[in-house]
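**Q** The structure under discussion is supplied below as structure tokens; questions concerning it will follow.
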Amino acid sequence: MIIAQLAVLLICIFIGARMSGIGLGVMGMIGLLVLLFVFDMQPSDPPLEVMLIILSVVTAAAALQAAGGMDYLVDVAGRILRKHPRQITLLGPLVTYAFVLFAGTAHISYSIMPIIAEVAIKNRIRPERAMSMSVTAAHMAITASPVSAAAAALLSVLGGTGTGLAEILMIAIPATLIGVFAGILFVWNRGKELNEDPEFLERMKDPAFVKNLEGKVEQAASLAPGAIKSVVIFAFAIAAVVLLGSFPDLLPQFSGREGFTPGFAVNASGRVQMPSMIMMIMLSAAGLIVLFANTTAAKVTKASLFASAGQATIAVFGVVWMSSTFMDNNFEAIKNTLGEVVASYPWLFAVALFVLSMLLYSQASTTKALMPLGLSLGLSPAYLIGIFPACNGHFFIPGYPTLLTAIQFDRTGTTRIGKYVLNHSFMLPGIVTTVASVVAGLILQSILL
């Protein structure tokens with residue numbers, strides 16, 4: 001029976017991944033209905049925390065975008081990259097990492113991609129090197145950002161063990177940075193130089209291509225009046241999340257009050273839970289940006305990032321609800337099957353995270369679906385933090401929007417999907433970066449936690 005249930009799960013995930021957008025979410029719901037009515041499974045609780053954090057964080061990022069703060073940050077990044085054009089393979093990924101670490105969403109990288117491609121092309125540096133690693137760095141930064149849904153999901157899973165946001169960040173940030181540097185070293189001289197690449201030389205025979213290649217990427221005409229204010233407000237919101245997440249005693253406490261009852265936002269000890277606090281802080285930041293940074297609520301809802309929030313929320317809603325229902329109803333069988341194997345070879349759980357993230361296309365979904373199983377199998381919270389970067393396997397199958405966007409912006413054609421699909425530009429850099437990050441995370445957690 002469990003084989004048939006697993007088949008339903010995997011088929012829905014596979015079809016949903018091919019549909020892209022909200023595909024995973026809607027197919028997850030179809031799979032959930034099959035599990036309910038065909039296999040008589042009791043549904044688990046929906047992943048409300050992760051969904052609401054995605055909505056809150058991306059709404060704040062959309063407010064930043066609507067106020068011009070995103071354009072200001074892109075302008076700063078562009079000046080850095082153009083000032084040191086020969087170092088684009090190093091600076092492109094690092095700047096992208098910093099952007100995503102700050103914003104908590106990889107969708108912010110779309111604004112930087114054309115600049116990275118332009119700088120590389122103008123200096124006849126193979127764009128594939130910087131573009132492939134910039135996408136990889138963006139994914140890695142998600143598992144290191146204090147305001148990402150993935151970090152919040154891990155915090156909610158490990159919260160009952162006494163693990164705080166500070167412990168996650170002190171491992172995740174240096175581990176992923178080490179991984180990114182390892183990836184940069186790997187791609188530094190990868191592939192032929194641009195002026196020696198046969199495909200590029202063939203394209204250069206077309207005058208229209210040459211003219212288009214030399215064209216400049218359009219820049220913002222002027223800085224929006226509330227741009228800098230919005231960046232400052234957003235930065236204070238992130239600082240507040242880090243502060244409260246690192247020092248839980250600062251969170252409001254209600255256990256001593258008459259009539260106290262725990263709930264979604266307040267745990268049994270009476271303390272406001274950190275995921276709920278992240279929602280409050282980030283939506284408050286969006287409100288402050290609207291009030292003081294010369295933008296409107298209507299502009300926020302029209303921002304491109306706001307649309308991505310809806311897609312990500314629906315995707316997580318369906319696929320995680322379906323996956324957690326399957327896990328909860330087959331918990332004992334899964335635990336008995338995997339318990340001894342994971343106890344003897346705990347690194348296999350990192351492989352499981354990587355494989356599931358390949359299918360789910362989401363670090364948050366993977367974390368929420370599989371990390372609770374890791375705890376139940378006896379893996380320590382520190383170990384799970386160490387292997388957290390393994391949730392970045394969604395580069396493996398080249399269908400994620402950041403990969404496709406990078407391919408589109410590289411007009412030279414060096415960043416591409418290969419003849420056999422899996423031999424694409426992001427495969428080896430992604431594997432090298434992920435493995436290096438996980439190894440660094442395991443070493444750091446053994447030293448620091």
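**Q** Treat each spin label as a single point 7 Å out from the Cα along the C-beta direction, and report the ASP45 to SER376 distance in nm.
**A** 1.5
**Q** Using just the alpha carbons, could you tell me how many Å³ per residue the convex hull of region 61-175 encloses?
**A** Normalising the Cα hull of region 61-175 by residue number yields 94 Å³.
**Q** If you work out Cα extents along the principal axes in Å from the coordinates, which of (1) 72, 52, 45; (2) 74, 59, 50; (3) 65, 46, 42 do you get?
**A** Correct label is (1).
**Q** Output the peptides 146-152, 286-292 sorted from most to least packed, where packing is the average of other Cβ atoms within 10 Å over each peptide's residues.
**A** Packing proxy ranking, top to bottom: 146-152, 286-292.
**Q** How would TRP188, TRP321, TRP347 line up from fewest to most surrounding beta-carbon atoms within 10 angstrom?
**A** Neighbour counts put them in this order, fewest first: TRP188, TRP347, TRP321.
**Q** Separate question: Helix 363-376 sits at what angle to the longest principal axis of the chain, using alpha carbons and giving 0 to 90 degrees rounded to 10?
**A** Helix 363-376 sits at roughly 40 degrees to that axis.
**Q** Still on this structure: What dipole magnitude, in Debye to the nearest 20, does the chain give about its Cα centre under +1 on Lys/Arg Cβ and -1 on Asp/Glu Cβ?
**A** 1160
**Q** Here's another thing I want to ask about it. Taking R0 as 25 Å, what FRET efficiency do you get between LEU250 and THR161 from their Cβ-Cβ distance, rounded to the nearest 0.05?
**A** 0.80
**Q** Put a dot 7 Å past each Cα toward the Cβ at LYS419 and VAL210; how far apart are the dots in nm?
**A** My value for the distance between the label points is 3.0 nm.
**Q** For SER145, what residues show an amide H to amide H distance below 5 Å, using hydrogens built from the backbone and excluding near sequence neighbours?
**A** Result for SER145 returns nothing.
**Q** Choose one answer from PHE102, PHE39, PHE234: the residue with the largest mean-square fluctuation in a GNM of the chain with alpha-carbon springs under 10 Å.
**A** In this elastic network of the chain, the residue with the biggest mean-square fluctuation among PHE102, PHE39, PHE234 is PHE39.
Every number in this text was worked out from the coordinates using simple rules, so none of it is lab data. In this text, all values refer to a predicted model and were calculated from it rather than measured experimentally. All Cβ positions, even for glycine, are placed from backbone atoms using ideal geometry, and neighbour counts span all protein chains on display.
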